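Asker: Handing you a structure now.
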Amino acid sequence: MYLQALRVAMSLMLFRSGPQDMPFSTTLPRVALALAVFSTALLLGPMAPLPMALATGLGGALGVAFFTRQLLRGRKLDNRYTQTVSAQLLVGSLFALAMVPALLAMAPAMQETMDLMRAAMQGAGPEEDPLALAVQAAREAKLQPPAWATLWSDLIFVWSLIASTRINRLAADLGRPSSWLLTLLSLFVLTGFVMMAQLVASIFLT
């Protein structure tokens, strides 16, 4: 079943199947959620502490589950939730794994920039704006990640957005404009869940 679900997820990435083709199993969403958390933690591992990376992955996965539930409930299509949320989480995990090489290539420049910004904020005087100094330090550093990594990460993001929109459209019987609008709305929902998870993680880490 899990291999079949993986094949369907890959087919969804290529726009060759729909969420209705995902195997129906009550355990599959939990496995898909665990994979989503793992893939996000792997993606963010070079740039964030493991607890924060795990919290980000968990927040994002719960955000996907929440939004999918509300979308289908609003359309009175609750019976499609299990297959749809499994499809969204598995496809999202595959896209996250595809972005790992680009993030690994960009990590050194991003980490050095963050270190410079942190040092500028810590060295700010009582009458200086720490945030302004941090931004100025980042601009003066002019550290550029590899061009191919930036291009690849942008491509994967747009590709994943199109795939997610298509899943929402097919699962909830939406028109194209509505599916795009709701998918963009889902990004705000995911951001809220991620920020809440990171806040909880930071409380336990301090």
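No value in this document is a laboratory result; all are computed from the given coordinates. This structure is a prediction, so every number in the text was calculated from the model and none was measured. All Cβ positions, glycine included, derive from the backbone under ideal geometry; neighbour counts span all protein chains shown.
Asker: Output the direction-averaged projected area (hull surface divided by four) of the convex hull of the alpha-carbon atoms of the range 154-206, in nm².
Answerer: Seen from a random direction, the Cα hull of the range 154-206 projects 4.6 nm² on average.
Asker: Can you work out the Karplus-derived ³J(HN,Hα) for every residue in the range 37-46? Use 6.51 cos²θ - 1.76 cosθ + 1.60 with θ = phi - 60°, whole Hz, and x for glycine or proline.
Answerer: 5, 4, 5, 5, 5, 5, 5, 8, x, x
Asker: Let me ask something else. Taking the Cα centre of the range 29-112 as origin, sum charge times position over the Cβ atoms of Lys and Arg (+1) and Asp and Glu (-1), and report the length of that vector in debye to the nearest 20.
Answerer: Computed charge dipole of the range 29-112: roughly 540 debye.
Asker: While we're here: Show me, for the range 146-162, the HN-Hα J-couplings you get by feeding each phi into the Karplus relation (A = 6.51, B = -1.76, C = 1.60, θ = phi - 60°), rounded to Hz, glycine and proline as x.
Answerer: For the range 146-162, the Karplus-derived couplings read x, 4, 5, 5, 5, 5, 5, 5, 5, 4, 5, 4, 5, 4, 5, 5, 5 Hz, x marking Gly and Pro.
Asker: Sorted by average packing, counted as other Cβ atoms within 10 angstrom per residue and highest first, what order do 144-155, 84-95 take?
Answerer: 84-95, 144-155
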